[in-house]
1. Where in segment 1-109 are there strands (runs of 3 or more DSSP E), lying wholly inside it, with at least 3 residues that are of a type outside the set (Gly, Ala, Ser) and within 16 Å of ligand 1 (Cβ to nearest atom)?
2. I need the full set of residues from segment 172-204 which are among the hydrophobic types (A, V, I, L, M, F, W, C) and either closer than 22 Å to residue 125 by Cα or at pLDDT 95 or above (or both), in order please.
3. Quick one: count up the residues across segment 51-61 that are within 16 Å of ligand 2 (Cβ to nearest atom) and either more than 11 Å from residue 88 (Cα to Cα) or of a type in the set (A, V, I, L, M) (or both).
4. Look through 42, 109 and report the one residue that is crowded, with 21+ Cβ neighbours inside 10 Å and within 17 Å of the chain's Cα centre (by Cα).
5. Just to check your reading of the model, which residue among 149, 117, 135, 88 is in contact with a helix residue (DSSP H, G or I) (Cβ under 7 Å, 6 or more places away or on another chain) and more than 24 Å from residue 210 (Cβ to Cβ)?
6. Out of all the residues in segment 62-84, is one or more within 16 Å of ligand 2 (Cβ to nearest atom) and either more than 25 Å from residue 235 (Cα to Cα) or touching a Lys or Arg at 6+ places or on another chain (Cβ under 6 Å) (or both)?
7. Only one residue in 60, 34, 92 is of a type in the set (A, V, I, L, M) and more than 30 Å from residue 247 (Cβ to Cβ), so which one is that?
8. Go through segment 72-108 and give me each residue that's out of contact with any strand residue (DSSP E or B) (no Cβ under 7 Å at 6 or more places or on another chain), over 19 Å from residue 139 (Cβ atoms) and either at pLDDT below 95 or of a type outside the set (S, T, N, Q) (or both).
Amino acid sequence: MVAKTDERTLEASGIRVQFEGVKAVDGVDLHLGAGEILGLIGPNGAGKTTLVNVLSGFQAPTEGSVTMGDQPVTGWSPQRLARHGLVRTFQAVRLFGRLTVLENVEAGGVAGGLSLRKARRRAAELLEQFGLTDRADLDAASLPLGEERLLGVARAMASGPQILLLDEPAAGLNETEGDELLAALTAIRDRHGCSLLVIEHDMRFMMRLCERMQVLDAGRTISIGTPEHVRTDPAVLTAYLGTGREVRDAEG
Ligand SMILES: Nc1ncnc2c1ncn2[C@@H]1O[C@H](COP(=O)(O)OP(=O)(O)OP(=O)(O)O)[C@@H](O)[C@H]1O
Ligand SMILES: [Mg+2]
């Protein structure tokens, strides 16, 4: 039997995205292993969101290729990728504010191709897992920020993805809310075996969440390795100089 590459792996090679005059992503390789939690960091404008847009089908690369398991997926639509188990969340949460918490998660499942009956059952399980069961019938718009973010992740999980890409899930959360999100993301990997690629500026959060980190600056990879390696890499410290952000204040 020929060994099949695990469908939870994502491999991007030589990705370039050129907007008018701007090389947003300038030749980046990325490997997300099966069941791995990989962090993607870098100063504002480094190209993180653009890279995730390429991986999730929202942006066609100018050059380069993306493979999921053994399957070449370059240029696939977000919908087709979702049906094959790759889902992303957005930097600014887009919840359906007029739907209830439960309906939001159901809608995610149906959009991902589940029958309504299956979507309902899975939504109830996810709300339970994320501690949102007693919020099920509230308007999603009424949730505090921390629970809104958890709901966004639950909705992304609704169709049973194998790979989840998260763009700044912890932005604006307080420490308690951040801790709850951290636990939820770790549980997704541990319980469902999902591979996670996470963009986030909060280094304290990232140091605790990620097994490996990749650092972009001006569209290129400048460092890659364990959180500890990246945090102390002179190239990374230099990239963050003058940005008003700290990569070092992340102990613990
Ligand atoms: N649709 C677009 N058209 C033109 N330029 C764009 C477009 N999207 C992004 N850019 C530019 O590409 C570069 C990378 O942007 P991107 O949003 O990927 O950065 P980022 O690392 O996600 O930054 P942040 O941390 O602020 O979210 C920036 O210079 C940005 O202005
Ligand atoms: Mg971004």
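1. Details: elements: 10-19, 22-32, 37-41, 63-68, 86-89.
Ranges flagged: 10-19, 22-32, 37-41.
2. Residues satisfying the conditions are 181, 182, 183, 184, 185, 187, 188, 194, 196, 197, 198, 199.
3. To start, the set of residues in segment 51-61 that are within 16 Å of ligand 2 (Cβ to nearest atom) comprises 51-56, 58-59.
Going one step further and asking which of them are either more than 11 Å from residue 88 (Cα to Cα) or of a type in the set (A, V, I, L, M) (or both), we end up with 51-52, 54-55, 59.
So the answer is 5.
4. Details: 109 fails: within 17 Å of the chain's Cα centre (by Cα).
Every option except 42 fails the conditions.
5. Within the list 149, 117, 135, 88, the selection yields 135.
6. Of the residues in segment 62-84, the ones within 16 Å of ligand 2 (Cβ to nearest atom) are none.
Checked against the condition, which is being within 16 Å of ligand 2 (Cβ to nearest atom) and either more than 25 Å from residue 235 (Cα to Cα) or touching a Lys or Arg at 6+ places or on another chain (Cβ under 6 Å) (or both), segment 62-84 yields no hits at all.
7. On the way: 34 fails: more than 30 Å from residue 247 (Cβ to Cβ); 92 fails: more than 30 Å from residue 247 (Cβ to Cβ).
After ruling out the rest, the residue left standing is 60.
8. Correct list: 75, 76, 78, 79, 80, 81, 82, 83.
The values are calculated or read from the model by the stated rules, or taken from the named source; none is laboratory data. These figures come from a predicted structure and were not determined experimentally. Note: ideal-geometry Cβ built from the backbone for every residue, glycine included; neighbour counts use all protein chains shown.
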